[in-house]
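The values are calculated or read from the model by the stated rules, or taken from the named source; none is laboratory data. These numbers come from a predicted model, not from an experiment. Note that we place each Cβ from the backbone using ideal geometry, even for glycine, and neighbour counts take in every protein chain shown.
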Amino acid sequence: MQDEIVFRFLDEGVAASARLLREREAPETCRVVLDALPAAGLARHGIYSGSEVYLVLPVLLAPPREHATTIVGPGDVGFLTVEKGSGYGIEENYSEVCWFYDLDATPSMPEGPIAVNVFARLYDADAFFAVCRRMRLEGAKRLEIARA
């Protein structure tokens, strides 16, 4: 299995790599997400989570909860599957990859914090994080996540 994935803002010319946490932390999440790549779509800024951006995946995935937490730091990459009706405004099941780019992030839904499987860590990502910060004002951006 590869040890890295790449996040690429397609219209910005900006990318960042993330090391997978496969050994003990999140082996099944890494396997399931890698099998679903490449994935592309509109990345959006999290409105309840602080410094978070996410991409809803085109397929529904179901790894077990592992290395799940609401306490994240800059560069942490998480995975979450949300069930229809589990919270306000959730009208269908979906899976997402989310990442956190500053100290004020807590993965959250309208009802409060929600644990995500932290399965990778972005590094050397300053330019990538700068695009993420701009998304608060500029809105959604085209993104691809692929194997390195």
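Key figures for this structure:
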{"item": "Subset of the stretch 97-109 (residues that are crowded, with 20+ Cβ neighbours inside 10 Å and either in contact with a His (Cβ under 9 Å, 6 or more places away or on another chain) or part of a strand (DSSP E or B) (or both))", "result": "VAL97, CYS98, TRP99, PHE100"}
{"item": "Residue in the stretch 112-127 that is within 14 Å of the chain's Cα centre (by Cα) and on the phi > 0 side of the Ramachandran plot present", "result": "no"}
{"item": "Residue that is farthest from ALA146 (Cα to Cα), among those in the stretch 110-130 that are among the aromatic types (Phe, Trp, Tyr) and assigned to a helix (DSSP H, G or I)", "result": "PHE129"}
{"item": "Some residue of the stretch 33-45 being closer than 26 Å to ALA140 by Cβ, in a helix (DSSP H, G or I) and more than 14 Å from the chain's Cα centre (by Cα)", "result": "yes"}
{"item": "Meets criteria (over 21 Å from PRO110 (Cβ atoms), of a type in the set (D, E, K, R) and free of Cβ contacts under 8 Å to residues at least 24 places away in the same chain) for ARG24", "result": "yes"}
{"item": "Every pair of residues 6+ apart whose Cβ atoms lie under 7 Å, when the first sits in the stretch 95-121 and is modelled with pLDDT of 95 or more while the second is in a strand (DSSP E or B) and among the basic types (Lys, Arg)", "result": "ALA120/ARG19; ARG121/ARG19"}
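Every residue, every condition in (1) surrounded by 12 or more Cβ atoms within 10 Å (Cβ to Cβ); (2) outside any strand (DSSP E or B); (3) touching a residue at least 40 places away in the same chain (Cβ under 8 Å); (4) aromatic (Phe, Trp, Tyr), yes or no:
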{"position": "SER49", "(1), (2), (3), (4)": "yes, yes, yes, no"}
{"position": "TYR54", "(1), (2), (3), (4)": "yes, no, yes, yes"}
{"position": "ARG65", "(1), (2), (3), (4)": "yes, yes, yes, no"}
{"position": "VAL72", "(1), (2), (3), (4)": "yes, yes, yes, no"}
{"position": "THR81", "(1), (2), (3), (4)": "yes, no, no, no"}
{"position": "LYS84", "(1), (2), (3), (4)": "no, yes, no, no"}
